[in-house]
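One structure below.
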Amino acid sequence: MSAAPREMVDTEILANLAPLNNMSPEQFNQVATRAKIKQFKKGEYLFREGYSDRHTFYIVKGRIALLSEANVVKTIDGSSEEAIEPLAPDLPRKFTARVQSTSTVIMIDTTVLDFHLGKNTADTYEVNDIQSEDGSDWMTRVLQSEAFSKLPPVSLQRMLSGVSELRYETGDTIIEAGQKTDYYYIVKSGLCCEADNPTQEWCCGDAFGAAGLLLDEGQPSKIIMKRSGELMLLPKAEFIDLCYKPLVTYTDSSSAKEHIDNGSKWLDLRPACARLGSSLRDSVCINFYELSKNISSLNNFQTYIVIGDTPEHSGVATLLLIQHGLSAVCYNGNISSIDPAFIDRDAAPSAELINDLNSSLLSEQKLKRQLELEKQRLQEEVSALKASNTALSDSGLGERLSLVDDYTNHDTPSPTGNNIVDRVNPSSTASQSAGDDRKLLALKTELENKIRKLTQQLNDETEKRKLAENNHTEFLKKVKRYKLGNDALVKKLKTQLTEGKNKLTKLVSQSASVDTDINKMRAELEEKASALHQAEELLQNEKQRVAELEILLTQTRNDLDHVGQEFEASDDNEKVRLLQEKLKTSSEEKRSLEEQLKSVTEDYEALQNERAEAALWDEMEDLNNALGVGPTSADELSDLSDILGDSADDLNDLDFD
């Protein structure tokens, strides 16, 4: 397993974190090499409540919320003192950690951290017993690796005790492409790589060879020794029992839904043509043979459900993800056993699928051209050999070469009792000629074998090409169907859009008309309110005038009483004179008061009529609103006002007699 590519974490940051700040320099450096740093977006999760994972988290920048049953219990900021401590380290997790703002997080494998802190020393004692002075480096790296560090100590001890050592020199082939192997390889020293991809390397402590052990087609690529060294070979049975089974967890269709509900995601490793019509919803798609090149694009904090062409492909890929520190489970089945709810059979073909199909067709056409050229070259060689018959006609080799051609082509049967060598070389004394003939026959046989082999390859490639053409035809049919469906959908959407625009235009017009009516009614109501307010003010003024007249009348009566008293006390003539003056004055005042009272009465009656008519308007409007009918005409209100009559009371006439 090659070490996963990772961004190195600044040691100054790690030195401030607990408990790394209490480690020895050697322990600190070992842990620092296993630390990872990653940026998370708002809304992503680091871990979930109730789960047990093998990572310790530290917040460097940003803000993380700890939730319990969807309620925020605590918020931790990267700049706070709490950030130097591990984030909610208890297992199983007591909280769910959700990112509240874009955050930078450091992640360290908990097993590696515990190992260097001296925890579980009882378990690691047996493993340490097998270390020796010359092998401590590679064993330390094995113990710190992403995959082997997850194994139980007893299994790890048995695995390391069961390996055998073998030395390879630079350039030696370790596993051939397509070879089924019997061992799993751990690099003790030196450097290994893929022959076709030298950048894919395995160094001290890394392991490889699972594909050659588990896949029917064997190892996908040739692996060679890039730099001389020793490899530790683990037999297949021990690899499966002690390494593969403890690390690779299987899931089926019934439990896959639970994984998806908890945030897991499908990792589809099938070829693009195999995904046509059976795409998994919300899945990450990588070709199985391209996984090692693209593994760095996967999310270190995302759990993947791995599915390939076969359960064996899924298992090998799952182990590879675990070796690179990713969380993955293996789907123990094929695509036909998956719940149809996860499959999008009508998904539009992706650009990757189109490119894959086109690339396969181009590669087949290229191979076909190469086969045609090779066949033409071989035919030219045969023609050149046949042309040599003319030059060798004097020695009789031309005739014998023709006999070789006839024999290999089965055009002329051999005479009874004679083989082809007897016919080509009838004289036992011509040993040199016979030797030349045998060489020609051997060359002819070799050429025929090559032609037969190339013909078989051509037939195989033709079958593959036909299969690819059929897949391509089906793909084009689906694309055409998608296009027709999309055209119909676009046409329908355009029709709906036009109808929506018409309705919107109509509604805007109606809204403008309604707004005009509302403004008009609002103006009328404001005018009526203003008129009513003026009428109330006028009525209030008239009430004040009536009160003043009543006060004046009371004063006049008092004056009359006073005049009467004076009249009784005076002489008759004087009384008559005074009485006449008082009567004259009283008559004038009475007339003045009567005129004022008449004017006030008329004004009061007019106000009362206006108030009654306004109240009647209000009652009629409320009635119309309740009945949902139009407004009452002014004539109808006038008639109704006449019927109701005048409700004002007349004032009592003043009598001074």
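Annotation: extensible slack from residue 344 through residue 366 equals 4.5 nm (criterion: 0.36 nm per residue apart, minus Cα-Cα distance).
In this structure, residue 216 and residue 302 have a Cβ-Cβ separation that, at R0 = 35 Å, corresponds to a calculated FRET efficiency of about 0.75. Our summary of shape: the Cα atoms of segment 260-345 have principal axis extents of 32, 28, 21 Å, ordered from largest down, in whole angstrom. Here the gap between residue 75 and residue 537, fully extended at 0.36 nm per residue and compared with their Cα-Cα distance, gives a gain of 159.7 nm. Relative intensity of segment 166-280 on a log10 scale, I(q)/I(0) at q = 0.14 Å⁻¹, equals -0.73, per a Debye sum over C-alpha point scatterers of equal strength in the absence of solvent. Label separation (residue 140 vs residue 254): 4.8 nm, computed from points 7 Å beyond Cα along the C-beta direction. On full extension, the segment bounded by residue 509 and residue 104 gains 140.3 nm, given 0.36 nm per residue less the C-alpha separation.
On the principal axes of its alpha carbon atoms, segment 7-117 extends 42, 25, 23 Å, with the longest extent given first.
Near residue 62, the amide H atoms lying under 5 Å from its own belong to 78, 79, 104; only residues 5 or more places off or on other chains count, and H is placed 1.01 Å from N.
Read the figures in this text as sums done on the coordinates, not as results from a lab. Note that this is a predicted model, so its numbers are computed, not measured. Every residue, glycine as well, gets a Cβ built from its backbone with ideal geometry; the counts of neighbours run over all protein chains shown.
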